[in-house]
Each structure stands twice: as structure tokens, then as C-alpha cells.
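Okay, so here's the structure we're looking at.
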Amino acid sequence: MEPIKKLIKQTTTQIDKEWDKFAVTLGITGVQMTVLDFIANQENDQVSQHEIEKEFGLQRSTVTVMVQRMEKRDLIERISSKTDKRQKLVSLTQKGKSLIPRIKDYVKDDDQKLRAHFSDADLQTLIEILNYVKNGGNNASN
């Protein structure tokens with residue numbers, strides 16, 4: 001029997017390929033697409049760089065480079081926090097916002113196609129397994 005984590009790794013590689021294929025039609029990368037979607041799901045379409053690091057499990061330097069690239073492409077901008085002027089927030093630009101409806105539609109359709117093949121019980125079990133692995137073997141549900 002194949003190790004489960006190996007199968008999960010292969011699965012994430014396939015997902016990345018599929019998302020990259022769609023993202024290229026928008027003129028962005030799959031990673032940029034997921035970051036734009038994450039920002040769009042936050043209050044006022046803005047987040048701190050630290051929140052991006054935490055959400056995607058990335059190092060600060062990696063996120064800094066990614067944010068700089070996305071800023072150069074006019075997808076996001078860095079703005080000062082209203083509550084703490086030392087902190088910079090990452091916010092969607094008009095160009096970034098214009099991509100969100102297509103990203104949301106793609107993610108929703110992709111998710112519905114997957115869900116259509118499995119029962120609610122199957123999906124609940126899968127979610128429990130993935131959360132368990134994501135949390136390093138802890139039973140926390142986030």
C-alpha cells in the first residue's frame with residue numbers, strides 16, 4: 001500500500017498544475033491566484049504580510065519577494081495600517097479586484113466538481129484526515 005502522505009503530496013502537485021493552468025489565463029501564477037483569493041476573503045480586502053505567511057506556511061522572506069512581485073504587476077499594494085503606522089498591510093488594487101470574480105468562479109466550480117463524486121460522509125472523513133495531517137498529527141480542526 002502506498003504511503004498516504006506520498007499520495008497527498010502527489011495530489012497537491014496535481015492541484016498546483018490545474019490551478020497554474022487556469023491562473024495563466026488571467027496572466028498570473030497559481031500562487032498569486034491563491035493569495036489574491038485569500039486577500040479578497042478578508043475584511044476590507046486587506047491583510048498583513050504576517051497573515052499571508054501564517055495562512056500559507058511560508059517564510060517571511062518568501063512572502064516579501066512574492067508581495068514585491070505582485071506589487072510590480074499592480075495586483076496588490078502595500079498601505080499603512082490605520083491602527084499602527086509601523087505596520088504595512090497588503091491590499092488589492094483595482095487590477096487585483098478585477099480578477100476576483102473569475103478566481104471565485106473557478107474555485108467554486110472546481111470544488112463542486114470534486115464534491116459531486118463523494119458523499120457527505122466521505123468528504124467529512126477526508127476533511128478530518130487532511131486537517132490532521134496539516135496540523136502535524138494534532139486533532140485540532142484548523
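We did not get these values from a lab; they are worked out from the coordinates using the rules stated. Everything numeric in this text was worked out from a predicted model, so none of it was measured. Here Cβ is always computed from backbone atoms with ideal geometry, including for glycine, and neighbour counts include all displayed protein chains.
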Rounded tilt (10° steps) of 4-24 against the dominant C-alpha axis of the chain: 40
Extension reserve of the residue 86-residue 13 stretch, reckoned as 0.36 nm per residue once the Cα distance is removed: 22.5 nm
Helix axis angle, 94-115 relative to the chain longest principal axis, alpha carbon, degrees: 10
Estimated dipole of the chain in Debye, rounded to 20 [Cβ of Lys and Arg +1, of Asp and Glu -1, Cα centre]: 600
Mean separation of Cα contacts under 8 Å (6+ apart) over length of the chain, as relative contact order %: 16
Computed helical MRE - 222 nm, the chain, DSSP H runs ≥ 4 contributing -39500 (n - 2.57), nearest 500: -20500 deg cm²/dmol
Under DSSP loop assignment and at most 15 Cβ neighbours within 10 Å, longest trypsin sites (Lys or Arg not before Pro)-free interval of the chain: 1-72
Crossing angle, helix 30-40 versus the chain [Cα axis fit, 0-90 degrees, rounded to tens]: 70
Full-extension gain in nm, residue 43 to residue 60, via 0.36 nm per residue minus C-alpha separation: 3.9 nm
Computed E for residue 111/residue 79 - FRET, C-beta separation, R0 35 angstrom, nearest 0.05: 0.70
Per-residue Cβ neighbour rank within 10 angstrom, fewest leading, 107, 67, 133: 133, 107, 67
Taking 119, 48 and counting other C-beta atoms within 10 Å, the order from fewest to most: 119, 48
Cross-link pairs 21/108; 5/104; 17/113; 17/104; 21/104; 72/95 - those with Cα-Cα distance over 20 Å: 5/104
